[in-house]
Structure formats: C-alpha cells, structure tokens
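Have a look at the structure below before the remarks.
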4 protein chains.
Amino acid sequence: MQKKKFKHIGIVGRIDNVQAINSLKQLTHFLDTKHVNIILSETTANALIGHTYQVGSDKILGEISDLIVVVGGDGSLLGAARSFAKYSVPILGINRGRLGFLTDIAPDEIDCKFNNIFHGDYIEDHRFMLACDIKRERDPINKSSALNDIVLHRGKSTRMIEFELHIDGQFVYSQRSDGLIVATSTGSTAYALSAGGPIIHPKLDALVLVPMFPHTLTSRPIVVDGSSDIRIVIGVDNDIYPRISCDGQTHYTASPGDTICIKKLANKVKLIHPKEHDYYEICRRKLGWGSKLGQ
Amino acid sequence: MQKKKFKHIGIVGRIDNVQAINSLKQLTHFLDTKHVNIILSETTANALIGHTYQVGSDKILGEISDLIVVVGGDGSLLGAARSFAKYSVPILGINRGRLGFLTDIAPDEIDCKFNNIFHGDYIEDHRFMLACDIKRERDPINKSSALNDIVLHRGKSTRMIEFELHIDGQFVYSQRSDGLIVATSTGSTAYALSAGGPIIHPKLDALVLVPMFPHTLTSRPIVVDGSSDIRIVIGVDNDIYPRISCDGQTHYTASPGDTICIKKLANKVKLIHPKEHDYYEICRRKLGWGSKLGQ
Amino acid sequence: MQKKKFKHIGIVGRIDNVQAINSLKQLTHFLDTKHVNIILSETTANALIGHTYQVGSDKILGEISDLIVVVGGDGSLLGAARSFAKYSVPILGINRGRLGFLTDIAPDEIDCKFNNIFHGDYIEDHRFMLACDIKRERDPINKSSALNDIVLHRGKSTRMIEFELHIDGQFVYSQRSDGLIVATSTGSTAYALSAGGPIIHPKLDALVLVPMFPHTLTSRPIVVDGSSDIRIVIGVDNDIYPRISCDGQTHYTASPGDTICIKKLANKVKLIHPKEHDYYEICRRKLGWGSKLGQ
Amino acid sequence: MQKKKFKHIGIVGRIDNVQAINSLKQLTHFLDTKHVNIILSETTANALIGHTYQVGSDKILGEISDLIVVVGGDGSLLGAARSFAKYSVPILGINRGRLGFLTDIAPDEIDCKFNNIFHGDYIEDHRFMLACDIKRERDPINKSSALNDIVLHRGKSTRMIEFELHIDGQFVYSQRSDGLIVATSTGSTAYALSAGGPIIHPKLDALVLVPMFPHTLTSRPIVVDGSSDIRIVIGVDNDIYPRISCDGQTHYTASPGDTICIKKLANKVKLIHPKEHDYYEICRRKLGWGSKLGQ
C-alpha cells in the first residue's frame, strides 16, 4: 500500500485537563518543525491561547485534513471516529486518558513516533462501524452511529425490558433483561467485555450481542457476521422507555413498540498506528495476562 | 445450486441401543422403496441381522456414496464428519441421541423428510473442520482432525498446565489453567459453551479459544478468524503430560515442550438439512430461550 | 413450636389483573367458611366491589392480623414484607405472577392448602431483611429496607460509578462499574443471580455483594456474614447521581460523596409455607435442573 | 484470649528449591536466638545438612509442638493442615511459593514478624476443614480430608460424569458435567474461584458447590451452611471412573454407584497471622482490585 503524505493535519483534543493541553502544545510545536498545515477543531482552539493556527468546524477538518490527530482517551477517539469516518480521513490517537485500546501513542513518544509516521512507518487499520436507525411504525425517528457499541438499556428504570431479537430476518429470541449490547470487534474489549462477552480480534468481521443480566440464565453472547442485519423490537407491553446509547456518548429514549435497526456503516474508520502496534501486547498489559514462559 | 441425485447411500448407525437399530430398519425399508443402492458400514451391518445390502469399509462408503446417513447422536455425526470429510460426500443425521445441533431429523419424520430431500428440498450446509498436528522438536508426532473442538486438558492430573498461545505467529499469552478449548463455530454450542464461550453462528468463519479454569481471572474467550494459525506450546517445566482430545473422541498424550498446531482443514464437511432447518429455533429449544412476544 | 391460630387475616392483592381478583374472591369465599375475621387493605378493597369486610390501612392490618395473605407475584410479597415485617405478623403468598420463589401456593390449591394451614400443617420460615441508610456528611438523608436486595446503579447515565466498599470497617476495594448489588440469601435467586451471583440457601445467614459490569474483570461476587456492616462511599469525583433501589421498588437518587450504609434489619419477616415446601424443588423447576437419575 | 508461649516449634519445609532452604536456615538461626526447642520434620531434616536439631515424624511434631511453621507455598500449608489439624497445634506459614492467601509472612520479614509473634502480637484464625468419606454400597472405602476443596472430576476421561447431589438429605439436582468442586470459605479463593465461584469471607461458616462445565447452563454455584451434609452419588450408568481429589493433593478413583459424603471435620486448623493481617488487602494485591479513591 502506497503511504500517504500528511500535509494537512486536523487536531482534536480533550481540553478538560492540563496534561492533555500540554500534549496538544507539544504536538503543535513538533508539527511546526515539519511545516505541515495545522487545523484545530473549534473547541480545541479555545484551549490554546494565543495560537495562530487555522481553526475549523468538524466539516472543514474532515474535508481538508490528510490526518486527524486526537489527543485524549479512547472516548475522545470514539467521538472523532463518529465525526470523521464519512470523510475517509485517517485518525491517530495520543493517549491522555486511561490505558486505551485505541489511542496508542504515549505523550512522551510524540516526537519519536510522529517522525516515524511521517517517514511512512505506520500501520493503517480499518475498523468497521455501526449505523443505528430507530423506527416507529416504520418511520425513521433517530439515526446515529458507533465504533464500539450500541446499547439498549433500561435507563433509570429498574424494571426489565422485554424485547425481540431478529438477525438477518430470522427470529432469535425474546428476552427480559436489563438490555442488550451490540458491539463491534473493536468494542468487544470495552463495555461488552465487562458484561461477559468474548474478545474478538479486530481483524475479524464480526459483531457480538451480549445480553445484560438476562432473566433467562441460558442467554449467552452470540457472535455473528459483521454484515448482519440486527433488529431489536421493544415489546409493546413494556411500561418503561428504554434508552439507546452509541459508544456511551449519544443517547436516545425509545418507546415500547419501536424497532432498533443496526447494521454496518458504509464507511470504515481508518486508524493509524505506529509500526510496533501489537494487539495482543495491549491485551496483556491491560488484562494482566502472562508473558512468555522462561523469562 | 443444482441439487444432486442421491443414488448410492451409505449408512452408519449407533448399534448400542434398540431405538437406533429400529430407526436403521425403518430407514432401509424406506430407501428400498426408492430403489437406491444401500451400503452399510461394517459395524452397522452387524446390527441388521439377515439383511442383503452391500457392506463396505469407511473408504468404500466414502468413495461410492452420494450421501451418508448417520443414525445416532451428535457424537455419531462428529465421528462420521472426521471419517468422510475428505470424500466430499454430504452427511445427514437422524437423531437417536439427546436433542442435538447436528442431527436434525427426528426418527418419526424419516419417511416424510427423506421424501422431500429426494425431491431436492434440502439445504446444504458447509462447515469447516480443524486439523491438529502435534510436534516434538519440529517433528510431527500425531495428526488428527475435529469438527467441534480440539481440547488441551490436564488429563488425570490435578495440576494446572502452563502453556503459551500464539496466533498467526503473534504471542498472545502464557497461561496456567486446566487447559484450552479451541472450538469451531460448529463446536461453539458444545463443550465450549459449558466452559463460558459465546455462541458463534455457523455461517461465521471463526474460531473461539476458551480457557479452562484459568488461574488468571482476566483470561477470557477470544474469537479469531477461522483461518488463523493456532500454536499452543506446552511449557517445558510442566511435570504433567497433558492430553489433546479431538471432538472428545480421539486422544493423544503430549509431553512438556510439545507444540500443538491447529488450523483449518482443507476439506469442509457438507451437512444436509431439511428445508425447514432453523439454527436459532434449535438454540431456543435446547436453551429454553423465549419465543415471540404476544404469543 | 406451638402453631398459632389464624383468626384475623389481612389480605393484600394485586388488583391490576382479572386472575388475581378472581383468586382474591376465591380466597375470601373460602375464609368465610372458616369464620375468621377478614381485613382488606385499602387498595385491595377497591377491587372487591360490594364486599362487606373490614378495611384497614397497612398499620391496622399489621397490628390486628395474625396472618397476612398476599395474592400476587414475588414483587407483591416483597412489598408486603417491607410493610409488615415490623409487626411480626406472618405472611403467606398465593402466586398470581410468574413462577416465584416466595409465593408458593398456586391459585387452584387455595382451598386444599389453606385447610392444611388452618390445621397447623405449615412451615414458618424466617428471613432476614436489610436496612439501607443513606448519609450525607454523616447526616441521614434517606432510610429504606429490602428483603431481596439493595442496588446501587448508575440510573439513566451510561457512565460508570466510582465507589469504595467497606465491610465491617475494613476497606475492601474501590471500583468503577455500573453499580453493586447487595443481596440477602433470599434475594440471591433474584436480580443477583442474573448478575452472576451464587445461589445462597435461605437458611444461611449471609449476604452477597455482586459487582455490576465491573471495569476490573477480577471483581467477583463476595459472600459475607449476614450481620456484616456494609458501607458504600460514592466517590466525590463522580459526575453522575447514582440511584439506590430497594427490591427494585423504592428508589432514591444519591449524590457524589454520599455513603450508603447497609445492615441487617432488627425484624425478620416470617413466611408461611405449605408443609411440602421444598427449596431445591423450586430451584429445579425454575432453573430446569436435572431430576433424579434412573427416572 | 490468653496468648500461648511457643516453646516447642515444629518446622516443615519445601526442600525442592534453594530459596525455601535458605529461608529454613534463616528461620532456625533466628529461633536459636530465642532458645526454643526446634523439631524438624523428617524430610525437612534431610535438607539441612549438619544440623543438630531434634527430628520427628508428623505424629511427634503434632504432639510435641506448640507451633508448626511451614516454609513453602499455600500447597505446603494445605498439606500441613491435613496432617496436624487433629493435634490442635497452630500453624504459621512463611511464603516461598507464589503470592498466597495462607502463607502470609514474606521471607525477608522472618525476624521482625517472629519477634512480634513471640511477644504475643498475632491473630489466631480458626478455619474449618472437610472430611470426605467414599462409600460403596454403604461400606466406607476411603477417607480423606481437605482445607480448601474436595473435587469430583472425570479424571483422564473426556466424558461427562452424571451424578446426583443431596444436601442435608434433600435432593438438589442431577447433573452431567466435568465434575463438582466442594470448597470451604478458605478454598473459595483457590480452584473454586477459577471455576466461577464467589469469594467467601473466611469468617463465614459456609461451603460453596461449584459445578464444572455443566451441560445445563443454569447450574450455578450454591452456597450453603458450613455444617451441611453433602452427598454426591455417582450415577450407576456412568462408564467412567471419576477421581476425587482433596486439596489437589490426595486422590482416589471412585466407581459408578459410589457415594461421596462430605461434612465438616471435628477439628479446625488454627492459623497464626501477624497482627497486620488483612484479608481484603491480600485480595486486592492478588486480584488487582482498586485501592482507596483520591490516593
């Protein structure tokens, strides 16, 4: 694969902590030495007092940039993925949150790793995303997207939700539970993992459906093809109004009888990783797995 | 897909219970009316006293038959899959065990369902299998295959096994546990499910690796591409001789330092199902999942 | 134990479905033949048009009755337990909900089982309950009680709660999760079971603390003495206002920094069961466990 | 409680690694300065070349000693508990294995912690043990005991075992699985935890029964009173000979039809801990649980 030149670099950062802002400054200083065009997102620009860079809306960043750099945690990167996937611009994360699966450059590696990346020493990692359409009597009433997961949950109610699950037009089951997590392979190491789901290697084109505290103890995580058509029908007899959350960041309150339609988004998000990126090494560190024997 | 004519039908049956033998008789009587050529496996022939059918070795059955019919439980079908996959002959199961995922014709449906199948009303369902090669200092010392799962377990010892897992040449983790289950999507509803693995739809080309009672509580089932190259290295410092079991039916005792190499078998097994076959319906029945709401 | 005579019988019923009201009528007709004094709860009285029975508040029912009969599901009985435990009056449940652990008389058994109970053929089963006190800077701000469980959960937020757990004055852990279930042995077969908790025999004086989707995968259910002093401190840095729910029926919204103090309630609830009551038999029926071998 | 003087100290050590032997030497040197009588177990004596201490059988150690010191891992202490519980002699562990729940003095703390212990600054922690009696047609055929757990498992077979479970004379269920773990509260953090059981605080007088890979997915860990009478009947129709293991250290091969009777042993084991001993702190370290917030 012919590596791209990165000339126009959009920057999106967490601005709610000093460390992230320091990393933003370090990043822009470094990029200045590379004579690239920097475009700050509007909120990011507010945190960099006295800067002279171009500032743009998400639309402008998406259309102009060859690369979007996110300074923050996995949450920041999830937000960027949902905003910029449609522009096909690659995204790279500098980690300023907890140890993450998505943002894999440490703040003290900025200069070194970016030098390599500018030399073309990087991995491009395409991850599929999900589109979520909520329908009421066949009329679309809400659209959203997710890189990690779409979660149907009971919201502030403590009553169980009753719903039907259909996959590719086939009825799977009806269930009474706290909800259902529909996670991509990318999201399998996030919320779905806490809920008892398996780890799905990101190269596998698959979804996992993880029931949340199901009343029937035999309900188990189900892994299906990533291109599956998922349809969740909220039972008309529920007396609660469940919530649908995308990546834990955007929320919608649905009604009994609504249908949640989930399928793969046409556009993938392109993540840029340093060449050394090693998925299982991240798993070992985050999950405390054992290292090689005899060492 | 142009449906095949079934003219030469190989029959393999459990002969350890009367019900299975009765179903064998019913099947041969029915097939007689269809003027097909029946070939009995050698052990099956012993149970049908006074018959006049052709009798053949597995090799003969595999080479001559257009269809192999298995009368028994899922276990019988697993054995047939391992024996006949290399001949590309389709296999159909008549259930004479517990409710199964693989043998989906009930004994009292033989005439009706077979009539439909002879009319071409059937589904051909290709399932991949796994090859297991055990190596000692790079020399192959044992070869076997499995449709459901390959299980590394501690055998009669009560000590944990220590081993390394590598996938596609990448080191994943070292682990101390009772063992590891490597299951196909087909096997995901068998032993791997009892061990906490997810259900994988058989259409998904994926494997699941399920740790057995891992000492590290963060070890979780991992789902990877079905074409992955799995390598399990038994730590040289183990003082136990673990066992490797294929489909719970063939066994081998390995030594510390041995490597277990698992990858997809070139040949798939072709299962024949009645047209009405519904994977999720079998799940609902076997696992007691909820049926449609408002019914 | 000298069995009591039941002369004054309080009746509490679900009045939101016709079947429950029919059972209420059948019950009162039967009790009329026994010449006992019937006292209806106020809401129950509304459903029995034209009756001539005494009607009373919960306070009156609690003080006068020798026995409270609940017609409804486990939920109705939980409510009655919280209302009447302080009066030391025994409670008996007629099941008009889903198959329950607490209400064990079927509607068609009313006459027969009550006859036995009036003859003294019954089991008195004492179950402890929990008191929940929420404190803000040491001031009590809310009091409630539960027979099944007290649940700290994130309410409608999708952010994790961060909290500390202390048991008997000892620090246990801090945790980021969706919440924590503190269940009695009685409640161990309810919500806590869906969340992965163990089944605790009701005769064991024990509590179980079940983390809800903990971020740290090594957080596991903990079983402690039923008289333990449980203290959950909601981290001051949370930006969500978590909810505390008792038996899923009463709710309170807490603030960051609040402390939830949970300990055994002084009064136990006394459940009356038919003589044949068999805890494990209910488990087998509800959970589909295997029956005796060779049968 | 009046603290005992420790004048006669029995020593039992792992002799299969140099570190353990070094700790043995350090311990005996320290004890020499305290003018106590040292009695080495026979195998331990072999590892201390040239020593002049008294050497004794387990019987002598048990009868003479005021304190048994175990140098090794949790496994060594389990063995000592089974050997010495009947002599009512307290046991203290110096950890020379992996981080353990039972051996809580680190090798570099020997002098300091023992000084404190000799001054009476210690905690005496009584843990109950289990007796295991295997019966064939009512005749006892094997007796053993355990501090952690008694495990029925399939041994080297890969077939499931079918058995019935009875508790206090009540039938609980029949199950097809790889086996059943019966663990004390002490053992709840050992093998039973890997198998999905809850953590039971050692002060709680309780047992947990954890099914191993049960075929029925609704089989769950059950927690019962520590004085319960457990009876496991191995189904007569099994064609395997399952193993019963106590603390993973003593083993017996049972036959179809045999009954395994498990109940609390009359004698408790008395563990001696340094005053600072903190159960939850050990859990946090071993399981990576979160420390106090704001720290």
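The values are calculated or read from the model by the stated rules, or taken from the named source; none is laboratory data. Because the structure is predicted, anything quoted here is derived from the model rather than measured. Counting neighbours? That spans all protein chains shown, and the Cβs are built from the backbone with ideal geometry, glycine included. Side chains included, ligands, DNA and RNA excluded: accessible areas come from the protein's heavy atoms. Shrake-Rupley method; radii C 1.70, N 1.55, O 1.52, S 1.80 Å.
Based on C-alpha pairs under 8 angstrom that are at least 6 apart in sequence, the stretch A:130-264 has a relative contact order of 31 percent.
The percentage of C-alpha pairs in chain B whose separation is greater than 27 Å is 45%. The alpha carbon centroids of the stretch D:248-271 and the stretch B:130-156 are separated by 34 Å. Normalised by the number of residues in chain C, the average gap of Cα pairs under 8 Å and 6 or more apart makes the relative contact order 18 percent. Computed from label points 7 Å out along Cα-Cβ, the spacing between A:ASP239 and C:GLN26 is 2.4 nm. Considering only beta bridges that DSSP places wholly inside the protein assembly as shown, some 75 percent are antiparallel. Straight Cα distances below 14 angstrom link C:LYS156 to the aspartates and glutamates A:ASP178, C:ASP178, C:ASP239, with same-chain residues fewer than 8 positions distant left out.
Only protein heavy atoms count here, probed at 1.4 Å, and on that basis chains B and D bury about 2000 Å² of accessible area in total. The distance from the alpha carbon centre of the stretch C:18-71 to that of the stretch B:277-295 is 41 Å, rounded to a whole number. The dipole here belongs to the stretch D:1-114: it is taken about the Cα centre, uses +1 on the Cβ of Lys and Arg and -1 on the Cβ of Asp and Glu, and is about 280 debye. Only one residue of B:LEU147, B:HIS251, B:LEU27 has its Cα farthest out toward the positive end of the dipole of chain B, where Lys and Arg carry +1 and Asp and Glu -1 on Cβ, and that residue is B:LEU27. Here chain A is assigned +1 on the Cβ of each Lys and Arg and -1 on the Cβ of each Asp and Glu. Its dipole about the Cα centre then comes out at about 240 debye.
Seen from D:CYS112, the other residues with C-beta closer than 15 Å to its C-beta sum to a net charge of -3, counting Lys and Arg as +1 and Asp and Glu as -1.
A simple rule links phi to the HN-Hα coupling: the Karplus curve 6.51 cos²θ - 1.76 cosθ + 1.60 with θ = phi - 60°, which for the stretch C:234-240 gives 6, x, 5, 8, 4, 9, 10 Hz, with x for Gly and Pro. If you line up the long axis of helix A:18-33 against the longest principal axis of chain A, both from Cα atoms, how many degrees apart are they, to the nearest 10? Tilt of helix A:18-33: around 50 degrees.
So, R0 is 51 Å and r is the distance between the beta-carbons of B:CYS112 and C:THR253; what FRET efficiency does that work out to, to 0.05? So the FRET efficiency works out to roughly 0.25.
Around C:ARG220, with a cut-off of 13 angstrom between Cβ atoms, what is the net charge of the other residues, counting Lys and Arg +1 and Asp and Glu -1?
+2
Cross-link partners of A:LYS7 among aspartates and glutamates, defined as those whose alpha carbon lies under 18 angstrom from its own and excluding same-chain residues fewer than eight positions apart: A:ASP32, A:ASP58, A:GLU63, A:ASP66, A:ASP111, A:ASP121, A:GLU124.
Magnitude of the Cβ-charge dipole of the stretch B:130-264, K/R +1 and D/E -1, about the Cα centre, nearest 20 debye?
Here the stretch B:130-264 has a charge dipole of around 200 debye.
D by Stokes-Einstein for the stretch D:213-295, Kirkwood Rh over Cα pairs, 25 °C, 0.890 mPa s: 140 µm²/s.
When you look at the Cβ of every residue in C:268-281, what mean number of other chain Cβ atoms sits within 10 Å? Mean shielding count: 1. What the pair-distance distribution of the stretch A:130-264 shows, using all Cα-Cα distances binned every 10 Å from zero, is 13, 49, 34, 3, 0 percent.
Annotation: the antiparallel percentage among DSSP beta bridges lying fully within chain A is about 75. Just tell me which aspartates and glutamates come within less than 14 Å, Cα to Cα, of B:LYS59; anything on the same chain fewer than 8 places away is out. Excluding near neighbours in sequence, the set is B:GLU42. In the protein assembly as shown, the convex hull through the Cα atoms has an average projected area of 54.6 nm², a quarter of its surface area. In sequence order, the stretch A:182-198 has phi-based couplings of 10, 10, 6, 4, 4, x, 5, 9, 9, 4, 4, 5, 4, 8, x, x, x Hz under the Karplus curve 6.51 cos²θ - 1.76 cosθ + 1.60, θ = phi - 60°, and Gly or Pro positions carry x. Of the peptides A:258-265, D:142-149, the ranking by mean beta-carbon count within 10 Å, highest at the top, reads D:142-149, A:258-265.
In µm²/s, what is D for the stretch A:15-172 at 4 °C and 1.567 mPa s, where D = kT/(6 pi eta Rh) by Stokes-Einstein and Rh is the Kirkwood radius from Cα pairs?
It diffuses with D of about 71 µm²/s by this estimate.
Take the Cβ atoms of B:SER57 and C:LYS292, set R0 to 41 Å, and the FRET efficiency comes out at 0.40. The H on the amide N of B:ILE91, modeled in the peptide plane, is under 5 Å from the matching H of B:ILE68, B:LYS270, B:LEU271, B:ILE272, each at least 5 residues off or on a different chain. The modelled label-to-label distance for the pair A:ARG285/C:GLN170, using points 7 Å beyond Cα in the direction of Cβ, is 3.4 nm.
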